[in-house]
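The values are calculated or read from the model by the stated rules, or taken from the named source; none is laboratory data. The structure displayed is predicted, hence computed values, not measured ones. In this analysis, Cβ positions are derived from the backbone assuming ideal geometry, glycine residues included, and neighbour counts consider all displayed protein chains. Just the protein is used for accessible areas: all its heavy atoms, side chains included, with ligands, DNA and RNA removed. Shrake-Rupley method; radii C 1.70, N 1.55, O 1.52, S 1.80 Å.
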Amino acid sequence: MSVHLPTHFGFERLADDKYALTTAFFRTLSKIRLQDLIVGLVVMAAVTMTERVLDSAHTGFALEWIVLSAVALITFAMLGKAVARGTAKVRAGFVAYLGNSREARAEEHLLWLAKGDRRVMEDIRAAHDRQEWVS
């Protein structure tokens, strides 16, 4: 004898749709910016290093909690904007690099296609010669 526990209709619909869970998961994560994740990692690293030092000093729980909270807040206040700005610059550079490499690959592909057609190559050479003559 099986017992069926009543569930909310939305949950059953969500469980039936095999893509709904992953879609909801990715929609939630897409709202988190990379800069925020990096700042969080930097704060966690600072707190972890401080906790290791405090453990070796055998401080009490209350003092350790206060010091770790202060370190987290100070690290966030001092490094938050700098890390976020640096991450944004690295990301923008990476996006620009991807765009440039995509354009270079497309240009190489077109040149490869043009090598197969004599008329197209003559047009490219003529355009190149005109460009050199103008400049």
Filtering the stretch 101-127 for residues that are touching a helix residue (DSSP H, G or I) at 6+ places or on another chain (Cβ under 7 Å) and among the hydroxyl-bearing types (Ser, Thr, Tyr) leaves a count of 0
Provide a single number: the residues in the stretch 31-45 that are at pLDDT 80 or above and under 13 Å from Lys81 (Cα atoms).
5
Could you count how many residues in the stretch 55-67 are at pLDDT 85 or above and surrounded by 12 or more Cβ atoms within 10 Å (Cβ to Cβ)?
4
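Open to solvent by 90 Å² or more (accessible area, probe 1.4 Å) and touching a residue at least 12 places away in the same chain (Cβ under 8 Å): does that describe Arg105? Give the steps one after another, and end with the answer.
Details: open to solvent by 90 Å² or more (accessible area, probe 1.4 Å): yes; touching a residue at least 12 places away in the same chain (Cβ under 8 Å): no.
In short, no.
Scanning for something of a type in the set (A, V, I, L, M) and not in a helix (DSSP H, G or I), does the stretch 31-48 turn up at least one residue?
Going residue by residue through the stretch 31-48, those that are of a type in the set (A, V, I, L, M) are 32, 34, 37-39, 41-47.
If we keep only those that are not in a helix (DSSP H, G or I) as well, we get 32.
Yes: the stretch 31-48 contains one or more residues that are of a type in the set (A, V, I, L, M) and not in a helix (DSSP H, G or I).
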Residue hits (the stretch 70-87; open to solvent by less than 90 Å² (accessible area, probe 1.4 Å) and either under 15 Å from Leu41 (Cα atoms) or charged (D, E, K, R) (or both)) are Val71, Ala72, Thr75, Ala77, Leu79, Gly80, Ala82, Val83, Ala84, Gly86, Thr87
